[in-house]
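Structure first, then comments.
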Amino acid sequence: MSCLVRRAVLNLRSNLTGTRHLWTAGSNATGLYGFHQLKSPQGFQRFVDDAIERSGELVDYIAGMPSSKEILQAMDEISDTVCTVLDSTTLCRQTHPDRLLIVGICSRGNKGINENERISTCELLNTNRNLYNAVAKAEQDKSLPTEEDKRAAYHLRFDFEKGGVHLCSDKLDRVNKLNGDIAQLCMEFSENIDNDPGHVDVPASVIPKHLHHLVKPIKRYKSLGSTSRHKEKEFRIVTEQNTLHSILQHVPDDKVRKIAYARGNSVPHANLAVLDKLIAARHELAQIVGYKSYAEYCMQLNLSSSPNAVFNFLLEMSEMVRPMADEEFEAIWNFKKEKFGQDCGDLEPWDETYLTGLMKSSASELDFSVVSSYFPLSQCIEGLKVLAESLFGMTFRSIPVAPGETWHPDVLKMSLYHPDEGDLGYLYLDLTSRKGKYPGCAHYTIKGGRRISESDYQLPVVALVCNFSESRNSSTVRLSHSEVETLFHEFGHALHSLLSRTDYQHFSGTRVAFDLAETPSNLFEYYAWDYRVLRTFSKHYSTGEPIPEKLVEALHRARKMFAATELQRQIFYAMVDQKFFGEELSVPKDTVAIFRDLKMQHTSWKHMEGTHWHTRFTHLLNYGAGYYTYLYAKCFAATIWQKICKDDPLSRATGSAIRMRLLQHGGAKDPADLLNDLAGDGILSKFGGDVVPDVSSLYGELGLRKR
């Protein structure tokens, strides 16, 4: 085993000693996620020990140089064994309600793991030269029977070399040290966000009643004269991102929005230094291994392998969308002047969310509380089932969970069942918010699919985690339409995992070229906007009436109002990421200046001096040098929707095309071939000799024309 994997599992092992039982599981308990070892926190130690033991056996087996096919299968089993431990640890850390113990156990269990999840966990074994030599031998074997075998050998050899196995011992030791430092810095970046969300105190009278659940009442003494004082009620706003967004969207007082924006976008200050160290460590790692920049290091197996091509693509998009974004900016400013008077001042960054919300509601005649009444969570889950049945002829069957299998009573378990093929995989749903839970929405792989023998297939097991809250004055969880879109986005990831049928878990589901990974999820967002889909499941929580078509049309009008501004924002984020990680490093980068300058050059909005929003931009960790892939996915999904889905989105023919030409292959086929097979000509373009998305369909949605 590599020293990094050993360090990770040994750190986990050392932190399990002496902890108490969290689960009071009886003799019939199955263990967390169905793993028999995980009946208590101490079970993680057994889980890790078993992984070490099995991986050691496989390393010894490979050292005996079996056939090339057997080498690849054994390597994939090592990857599967280690991934299962690490992925389960990550899910536990993000969702388990006993935060005090579980976070401590699992976060340390993840130390030493490369922060970039798109690189196979096998990369953590890349210091073992015997394994590298065996994989190199397999790659040279012309008798490998399938294209997936050949692709697996190539990818494994490439991952080994990215880890520096071919370097001299001093350089290899440095690579290992840098990988450990990078993992630690990523963890520190995230912990700083959790520990320092920032706060501001404001008079209670300025916070609308429907936001009182987001703030904490406090009392301060206010002087009335030289001797007398009285208590004045205030609210403390903790400026973590979700609360900050609600404050910026719903508080009419622009002074409150300004101080909340300033505070929320200037914490945690400590992450400025952490980010500097992370950029330097990644850059040094890339250069030792033989690349000019960290972006170049990351992109080699992607559709686009050149950072220069990616940045030029972003520049072209920025220039194309700027005129429309400027028009939208002027419309917002005019609205502000009409509403608050000509002397209301400039349009400020803290105005955007509030004013655009008012404009959408006014122009579209939308009452967003009415919209959410048609999306009770139970009905939205039915919507996921409708998609599976209509598109693929499959059903999601509810499965009773065994004692100790789930981490919270609200978690549901379902199997994806096909009448001819049987169970295809298993899905846990953990969709409602609770204290201490990971605050965002995400798809987690617990077990990847892989072929074990000619007759046996290891079925994928995944979890879909969201944070939907109970509706105000109701015990019913009702979703906003943006939350429905998010649910369908994550469901696209889950389907990718559940429906892939690859021989190697190295290619299972979302383990694809990084700039392809977000395509299925972006495609399924379209289903959340199509009335033909919504009418099949969107029912009023009290009357059962289906959502009116006019209400969906109003949602579309609101969506289109500031589409260019939102696209411009995503381009800007991708540019920031590329500037941080995509250029050669001669002196330490001033990330605040880079962020400010790019915002001034490529958005219509001001930069507020003293703020540094990017110190809360967690995509710089897992998506470092890869945030551009969201824009690629938007382009690909727009083309696929127009060509394959739009005419009849729920037809079996549409579902068959999506499944057979895209989802089932995971990463086992070249991504360009997958996209061309699915959508034909017009989904890819050439840009300076590199492959980039064709933007025609996306621009068409915005009313732009490709130059």
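The values are calculated or read from the model by the stated rules, or taken from the named source; none is laboratory data. Computed from a predicted model, the values in this text were never measured in an experiment. Neighbour counts run over all protein chains shown; Cβ positions are idealised from the backbone, glycine included. Ligands, DNA and RNA are excluded from the accessible area calculation, which covers all protein heavy atoms including side chains. Shrake-Rupley method; radii C 1.70, N 1.55, O 1.52, S 1.80 Å.
Observations
- Residue pairs, from the table Lys539/Lys560; Lys643/Lys669; Lys171/Lys292; Lys292/Lys634, whose Cα atoms sit over 26 Å apart: Lys292/Lys634
- Maximal additional length on extending the Asp647-Arg54 stretch stands at 208.4 nm, based on 0.36 nm per residue less the C-alpha distance.
- The fraction of accessible area contributed by carbon and sulfur in the stretch 354-485 is 47 percent, rounded to a whole number (1.4 Å probe; ligands and nucleic acids excluded).
- Per residue, the convex hull spanned by the alpha carbons of the chain comes to 186 Å³.
- Beyond 28 Å in Cα-Cα separation lie the following of the pairs Lys39/Lys385; Lys413/Lys435; Lys162/Lys589: Lys39/Lys385.
- Pair Thr618, Arg532: separation of 7 Å Cα→Cβ label points (nm): 3.7
- The Ser205 and Gln664 beta-carbon pair, evaluated with R₀ = 56 Å, returns a calculated FRET efficiency of approximately 0.45.
- Heavy atoms of the protein chains alone define the surface here; on that basis the chain has 41 Å² accessible area per residue at 1.4 Å probe size.
- Cα centroids of the stretch 245-263 and the stretch 426-470: 35 Å apart.
- Zone of Ser398's modelled label, taken as backbone nitrogen in the stretch 409-441 under 20 Å from a point 7 Å along Cα→Cβ: 409-418, 423-433
- Straight-line reach from Lys258: taking Cα to Cα under 16 Å and skipping same-chain neighbours fewer than 8 places apart, the aspartates and glutamates in range are Asp201, Glu240, Asp346, Glu348, Asp351, Glu352, Glu609.
- Check: the chain dipole with +1 on Lys, Arg Cβ and -1 on Asp, Glu Cβ, in debye: 1860
- Helix content alone sets the calculated 222 nm mean residue ellipticity of the chain: runs of n ≥ 4 DSSP H residues at -39500 (n - 2.57) each, divided across all residues, give -16500 deg cm²/dmol.
- Within the same chain, lysines fewer than 8 places from Lys686 are excluded, and of the rest, those with a Cα less than 17 Å from its Cα are Lys706.
- Low-density loop cleavage sites - trypsin sites (Lys or Arg not before Pro) in the stretch 383-469, where at most 16 other Cβ are within 10 Å (DSSP): Arg434, Lys435
- Accessible-area composition of the stretch 182-281, carbon plus sulfur, in percent [1.4 Å probe]: 50
- Theoretical FRET efficiency, 1/(1+(r/R0)^6), r = Cβ-Cβ of Asn130 and Ile452, R0 35 Å, to 0.05: 0.90
- The peptide list 87-94, 140-147, put in order of mean Cβ contacts within 10 Å with the highest first, becomes 87-94, 140-147.
- The chain: relative contact order in percent, alpha carbon pairs under 8 Å with at least 6 residues between: 15
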